[in-house]
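Chemist: Sharing a structure below in structure tokens format, with a few things to ask.
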Amino acid sequence: MAILTTGDEVTATGVPAAGSVRDSFGPQLPALVAMLGGVVASISSVSDDEDATVAALSTAAAEARLVITTGGTGHSSADHLRRSLHRLDARVVIPALAMRPGGPTMLAILPSGQLVLSLAGNPLAAMMGLFSLGAPVLAALSGWSEASTHRIGLATDVSGSPAATRLLPYSVSEGLATPTAWTGSAMMRGLAAADGVLIVPPEGASAGDELEALRLPWSR
């Protein structure tokens, strides 16, 4: 598969200059994809330009069955991914997910058959999209059949999110789950300390309830 970072100019070290962002995905995304059964053929970035995005998607699709993109999934004039997929006559299979964070996650298929998994630009949102939608896609492509979810009891009350499923990294103590701190869509610290990800229904849940949870690739 190919990994394509879309959007602003990306910098790998130091403080990003005006008009650029820190590379939040390069250090870990290829390794996570490998843990989920994928083989990464190439990694590239593309500037915040529609023509460049179309060209980069075409190049990536020529060498991989699955293209994973990060960023540019919104609907603003600065987001070019959806328009680029339209120009390539891609069929959007999943336009968004009713979850937080990671709602802008998309799945499309190109006329030539390659899949495009588009993850959000915020780091935690992108990881939630990868674990919830990317994991089963990768499992199907690689022939894996391992269950990706399990159930675990709650140590504390957990609030929901109206009209959306809430995904919360959690840690385990005495066999029960407690959401980690730092769970904003741009934060990775809470995920780094997590044992899994709770799938919280819109109405929330109470201490003692059992919830379904996603397994993390490094804990499989």
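Chemist: Residue by residue through the stretch 189-220, note down the ones that are crowded, with 17+ Cβ neighbours inside 10 Å and part of a loop (DSSP other than H, G, I, E, B).
Modeler: A194, D195, R215, L216
Chemist: Now for a different question. Among the residues of the stretch 100-123, write down those that are assigned to a loop (DSSP other than H, G, I, E, B), farther than 14 Å from A62 by Cβ and not hydrophobic (A, V, I, L, M, F, W, C).
Modeler: Narrowing the stretch 100-123 to residues assigned to a loop (DSSP other than H, G, I, E, B): 101-105, 110-114, 120-122.
After this cut, where a residue has to be farther than 14 Å from A62 by Cβ as well, the list is 101-105, 120-122.
The answer is P101, G102, G103, P104, T105, G121, N122.
Table: residues versus (1) in a strand (DSSP E or B); (2) in contact with a helix residue (DSSP H, G or I) (Cβ under 6 Å, 6 or more places away or on another chain).
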site: A126; (1), (2): no, no
site: F131; (1), (2): no, no
site: A140; (1), (2): no, no
site: T178; (1), (2): yes, no
site: M187; (1), (2): no, yes
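Chemist: Just one of (1) in a strand (DSSP E or B); (2) surrounded by 14 or more Cβ atoms within 10 Å (Cβ to Cβ) trips up R151, so point out which.
Modeler: (2)
Chemist: Could you tell me which of the residues A205, A213 is farther than 16 Å from F131 by Cα and at pLDDT 95 or above?
Modeler: On the way: A213 fails: farther than 16 Å from F131 by Cα.
Answer to the check: A205.
Chemist: Let me ask another. Within the stretch 58-72, track down each residue that is of a type outside the set (D, E, K, R) and not in a strand (DSSP E or B).
Modeler: S58, T59, A60, A61, A62, A64, G71, G72
Chemist: Which condition does M188 not pass, out of (1) over 22 Å from the mean Cα position of the chain (by Cα); (2) at pLDDT below 95, if it passes all the others?
Modeler: All conditions pass for M188, except number (1).
Chemist: Moving on. Taking the stretch 163-198 as the region of interest, how many residues are touching a residue at least 60 places away in the same chain (Cβ under 8 Å) and over 13 Å from M128 (Cα atoms)?
Modeler: The qualifying residues number 2.
Chemist: Turning to a different aspect of this structure: Considering the stretch 138-158 alone, what residues qualify as being in contact with a Lys or Arg (Cβ under 8 Å, 6 or more places away or on another chain) and among the polar types (S, T, N, Q)?
Modeler: Matches in the stretch 138-158: S148, T149.
Chemist: Any residue in the stretch 69-81 that's not assigned by TED's automatic domain parsing to the domain that holds L119: show its pairings with residues that are not aliphatic (A, V, I, L, M) at Cβ separation under 9 Å, as long as the two are six or more apart or on different chains.
Modeler: none
Chemist: Can you pull out every residue in the stretch 39-59 that is touching a strand residue (DSSP E or B) at 6+ places or on another chain (Cβ under 7 Å), of a type in the set (G, A, S) and under 28 Å from G143 (Cβ atoms)?
Modeler: Passing the criteria: A41, S42, S44.
The values are calculated or read from the model by the stated rules, or taken from the named source; none is laboratory data. In this text, all values refer to a predicted model and were calculated from it rather than measured experimentally. Here Cβ is always computed from backbone atoms with ideal geometry, including for glycine, and neighbour counts include all displayed protein chains.
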